[in-house]
Amino acid sequence: MKKWNHQRAPLLALAAVTVTAASFLAVRAVMASDHQDTPLVELSPRYDVNDVYAFPSPNDPSRTVLVLSTSSPITPANTPSFTFGTKKDELYQIKLDNTGDAREDLVFQITFSGKAGHQKVTLNGPVKPKDVGTMNRLVGGHKIKGKVNTVIEHKGIKLFAGPRDDPFFIDLEAAFCILPDRRPVTGPLSAPCQLPGGGAFRAAGQAQNYVAGFNVLSLVIELPESQLTAGGNAKIGIWGTISQ
């Protein structure tokens, strides 16, 4: 489900995607994808929430991994020049509802500074937000601070921010034949459907992964699951936002 919240300048929520509400005790992995589905984020990929993932750590099932990715598709050649947003009012967030009211009880707030190749990341959270909704005010104090493209650890929380291979599989050409209203306004995929045979589906086994070989900018957080469910119950909702 896509959420939009247009506010008076200069505040504009540019991308927010609600992923799911699922029990980590019953459902061990949850995920959703949303690549460049509007002209606004198509022309501003840095503000496009591509995917939000939540799954148990492969090394310790008592820990949970949260991932927010953005900026797909990035070619390998262009990857070194891509950066996370560094403006004062740019804020990346992963939000959690652990009381069942579809409102964030905890947030991870991530901000960046510096230029390509020398960026630094700061993580606040998990912490109770000052307010709820698409936009949030920055909560003071930080848990973790360090360089992008490195694994940073502090008091049991691990953080990674940097480019990674896009893990999503999608045949975009076929998808836009099925859902023509979601077709981009520019580029090779903006053309009318031209699949072989004139249909909207490829033959079985012939799907093509359009994002294979492309990268995304990823925010990865690993922490004890108990920090996500504390104060609530084992069923939690997770979603991500990027706002300016």
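The values are calculated or read from the model by the stated rules, or taken from the named source; none is laboratory data. This is a predicted model, so every value here is computed, not measured. Cβ atoms come from the backbone with ideal geometry, glycine included; neighbour counts cover every protein chain shown.
Name the residue that is surrounded by the fewest Cβ atoms within 10 Å (Cβ to Cβ), counting only residues in region 200-220 that are of a type outside the set (A, V, I, L, M, F, W, C) and either more than 30 Å from Arg63 (Cβ to Cβ) or at pLDDT below 85 (or both).
Checking each candidate, the answer is Gly205.
Among the β-branched types (Val, Ile, Thr), touching an Asp or Glu at 6+ places or on another chain (Cβ under 8 Å) and closer than 19 Å to Gln227 by Cα: is that true of Ile110 in this structure?
Against the criterion (among the β-branched types (Val, Ile, Thr), touching an Asp or Glu at 6+ places or on another chain (Cβ under 8 Å) and closer than 19 Å to Gln227 by Cα), Ile110 does not qualify.
Residues are listed down the side, and each one gets a yes or a no for (1) at pLDDT below 85; (2) surrounded by fewer than 10 Cβ atoms within 10 Å (Cβ to Cβ); (3) outside the structural domain of Phe84 (by TED's automatic domain parsing):
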{"site": "Lys155", "(1), (2), (3)": "no, yes, no"}
{"site": "Lys158", "(1), (2), (3)": "no, no, no"}
{"site": "Ala161", "(1), (2), (3)": "no, no, no"}
{"site": "Arg164", "(1), (2), (3)": "no, no, no"}
{"site": "Leu179", "(1), (2), (3)": "yes, no, yes"}
{"site": "Arg183", "(1), (2), (3)": "yes, no, yes"}
{"site": "Pro188", "(1), (2), (3)": "yes, yes, yes"}
{"site": "Gly198", "(1), (2), (3)": "yes, yes, yes"}
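Go through (1) free of Cβ contacts under 8 Å to residues at least 60 places away in the same chain; (2) within 22 Å of Phe82 (Cα to Cα); (3) not in a loop (DSSP other than H, G, I, E, B) one by one and return the number of the condition Thr150 breaks.
Result: Thr150 passes all but (3).
Identify, please: which residue in region 166-177 is crowded, with 16+ Cβ neighbours inside 10 Å and of a type in the set (Phe, Trp, Tyr) and is, among those, modelled with the highest pLDDT?
Phe176
Could you check region 44-147 for strands (runs of 3 or more DSSP E) lying wholly inside it with 3 or more residues that are surrounded by 19 or more Cβ atoms within 10 Å (Cβ to Cβ) and at pLDDT 90 or above?
Hits in region 44-147: 49-56, 63-74, 91-97, 106-113, 120-127.
When Val185 is evaluated against the numbered criteria (1) in contact with a helix residue (DSSP H, G or I) (Cβ under 7 Å, 6 or more places away or on another chain); (2) without any contact (Cβ under 8 Å) to a residue 60 or more places away in the chain, which criterion, by number, is the only one it fails?
(2)
How many residues, within region 159-190, are under 18 Å from Asn209 (Cα atoms) and either basic (Lys, Arg) or assigned to a loop (DSSP other than H, G, I, E, B) (or both)?
Residues that pass the stated criteria total 12.
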